[in-house]
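These notes are about the structure you will find just below.
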Amino acid sequence: MKRFFLIRGAELAALIALVAVPLFVSNPFALGLLTLLAIYGILLIGLDVTVGYLGQVNLGQAAFLGIGAYTAGLLVAHAGAGILLALAAAFVVCLVLGALLALPALRLEGPQFALATLSFGALAVTVLNEWEDLTQGAQGLSLARPALFGQTLDAAGFYWLCVGLLALVWLGMKNLLSSQWGRAFEALRDSPIATDAMGVGAYRHKVIAFAFGSALGGLAGGLYAFDFKYLQPHSFTYELMVILLLGVVLGGRKSLWGAVVGAAFIVLLPNLLSSATLFRVFSIIGLIIALLGVIGGWKDKTALRFQSLAPVVAMALLVAGSFVVEHTEDWRKAIFALMLFSVVVGLPEGLMGFASKLLTRIFRLPAAPLPAASPLDAVLPRQQAEATTLLDLRGLKRYFGGIKAVDGVDMVVKAGTVHGLIGPNGSGKSTAVNVISGLYAPSGGQLLLDGAPLPVGSLYRVAGAGVARTFQNLQLFGELSALDNVMVALRDTYRLPWPLVLLGFARGEEKRAQAAALALLQLVGLDQQARTRARDLTYGAQRFLEIARALARKPRLLILDEPAAGLAHPDALQLVDIIRRIHGRGIAIVLIEHHMDVVSALCDAVTVLDGGQVIAEGSAEEIKRHPRVVEAYLGAAA
Ligand code: ADP
Ligand code: MG
């Protein structure tokens, strides 16, 4: 309750304050700045979807601002459209263009993605500039602000429209990001492979996120057009882009407040640089924040590290400069550089990241309470375990160039059994399960699940067919809590169409998902750590969490690739216990394992690989005495 009132209360207070401003302030300059604040707020919330949630450097947002501005402006200037129609058009055009850009660009990663968006920006501005018949090119496009429901909007009216739209965007975004959509965005940033393997569809979510963020850029562009009433293509070049990025990073990524704080910074920037007093005040605030960082780090002895000291030095330089330099404008690039440096080094989580840490400490905000765990039978229904063939591999092959990692493997896994897959290092075990789970396409052979061909070469589609897996090298969503890791993967849980999610109707569904995820965490003994970030869990707990996450898929077949690797003895015992419990639910398991005692304790049948081929199969006891197995293992040991 306390949490709810503090967070919602702050939002409401800010909104009321913003709405009330024109009643008390008649200064047109101040109102103009606040109008811009709302517009840039929408723009940065959109940019934060890619930069914060997807973790990609997006250099295209300035172009979407421009495209939105011209779409709305041209519709008004040439077609006499009303304000709402023009804004809707700006939103939709950028949504479509964003999706079209994302389709190829999001196949790329990291720097290549950044370059693709940069090229798009250059292309867009050139087209706006050269298509003179339509846009009047560099000469610029003048327009009049159209009416809203027949009413001409004065400065205050237009301001209210901007603030109203910002509030709507804020609310919709908040609802979206606290639903499965937001979790999926963050999950695919941490591990696209695992996102696909958990049946979420990394690529689809990336494209949707990017298109939506771009559409918000377009909406902001429409407002921008009606604010300035004069458009020139060169306003939307990459210099603006750099400032926008600085705004997002400085404000704080993955935060709506952060976007608005960043927007305030962008709006104030020109004034900051032209007024010596303002700049002085700003530098001193910066220095104080940097010093607070040092004081905050005093106890845990991080105070004297580079990360804390460098921003103090940089900010002290700014303060000194603010007293020495006369024309701050001339130094703008150096000033940007110092600020960007301090933020990236000292405040990687931005002002809001810093503030929210401080606030949680002051108010000791309790985490929102969790519901009681669902009964396990509801989350993981017991499957009847008839000994029919579940997975059937026939002549499975996978080559890497000349390496025959898997070379004609036949293997049958019966429903409801634990099937061991063993063999020396490099014998092709991981490759075999990577092919089964769709990470790799097979070079030859057949894969059948329940008699039907299994999809090949797609983690996402194999996950849909009822196969779940863990990874030999952990692929958790490190930044997400243990609970969220499991919630991302829950199957058949999130049915609400997205418009209703935007409107905030997903709460009930979320509660049910939390209860289900808790039941699975309980199964692996992690329910007490539900709120812990995955990367802060112990190594053993991380392994168990991957298992719980895979179980959220309600799999028919669960593949565990060396779950015991690196586990301390007590954890290994707990692992055996967990696998027994999963087996008890009637789920078939393929278990890759090195320790023969674990294999003997758990496996109903064992297949032994060497050099990509099956050299033996049978019960654990038969395998242990098999001459070729003895030879392979002794050979590997020698
Ligand atoms: P295991 O899991 O049994 O230790 P792997 O399936 O990981 O064995 O590897 C089998 C063989 O395939 C090894 O020789 C390995 O070097 C090779 N291999 C595995 N993955 C790749 C890959 N992505 N590219 C090239 N070679 C690979
Ligand atoms: Mg392996």
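Whenever a residue of the stretch 404-430 is free of Cβ contacts under 8 Å to residues at least 40 places away in the same chain, its partners that are open to solvent by less than 30 Å² (accessible area, probe 1.4 Å) and more than 7 Å from ligand 1 (Cβ to nearest atom), lying with C-beta atoms within less than 6 angstrom and at least six residues away or across chains, give the pairs Val412/Asp392.
Taken over the stretch 61-112, the residue count meeting the criterion of being at pLDDT below 85 and closer than 26 Å to Gly247 by Cα is 6. Does the stretch 378-389 contain at least one residue that is within 16 Å of ligand 2 (Cβ to nearest atom), open to solvent by less than 60 Å² (accessible area, probe 1.4 Å) and touching a residue at least 24 places away in the same chain (Cβ under 8 Å)? No - not one qualifying residue is present in the stretch 378-389. In the stretch 520-565, how many are among the aliphatic types (A, V, I, L, M), over 17 Å from Thr195 (Cα atoms), more than 24 Å from the chain's Cα centre (by Cα) and more than 16 Å from ligand 1 (Cβ to nearest atom)? Number of matching residues: 3. The requirement of being closer than 23 Å to Val599 by Cβ, more than 27 Å from the chain's Cα centre (by Cα) and open to solvent by 30 Å² or more (accessible area, probe 1.4 Å) is fulfilled nowhere in the stretch 359-373; no residue meets it.
Within the group Gly218, Gly222, which residue is at pLDDT 95 or above, crowded, with 19+ Cβ neighbours inside 10 Å, within 28 Å of Leu108 (Cα to Cα) and touching a Gly at 6+ places or on another chain (Cβ under 6 Å)? After applying the criteria, what remains is Gly218.
For the stretch 417-476, a residue qualifies if it is among the hydroxyl-bearing types (Ser, Thr, Tyr), touching a Gly at 6+ places or on another chain (Cβ under 6 Å) and either within 16 Å of ligand 2 (Cβ to nearest atom) or at positive phi (or both), but none of them does.
Each residue in the stretch 269-319 was checked for being part of a loop (DSSP other than H, G, I, E, B), open to solvent by less than 50 Å² (accessible area, probe 1.4 Å) and within 22 Å of Leu359 (Cα to Cα), and 3 pass.
Quick check, is Ala264 open to solvent by less than 20 Å² (accessible area, probe 1.4 Å) and out of contact with any strand residue (DSSP E or B) (no Cβ under 6 Å at 6 or more places or on another chain)? Answer is no for this residue.
Considering the stretch 434-454, and only residues there that are within 11 Å of Leu393 (Cα to Cα) and under 28 Å from the mean Cα position of the chain (by Cα), the residue that is nearest to ligand 1 (Cβ to nearest atom) turns out to be Val435.
Scanning the stretch 173-200 for residues that are within 20 Å of Ala263 (Cβ to Cβ) and open to solvent by 10 Å² or more (accessible area, probe 1.4 Å) yields a total of 3. One residue stands out among those in the stretch 14-62 that are farther than 27 Å from Ser178 by Cα and among the aromatic types (Phe, Trp, Tyr): the one that is least open to solvent (accessible area, probe 1.4 Å), which is Phe29.
The values are calculated or read from the model by the stated rules, or taken from the named source; none is laboratory data. The structure displayed is predicted, hence computed values, not measured ones. As a convention, Cβ positions derive from the backbone with ideal geometry for all residues, glycine included, and neighbour counts pool all protein chains shown. Surface areas here come from the heavy atoms of the whole protein model, side chains and all, with no ligands, DNA or RNA. Shrake-Rupley method; radii C 1.70, N 1.55, O 1.52, S 1.80 Å.
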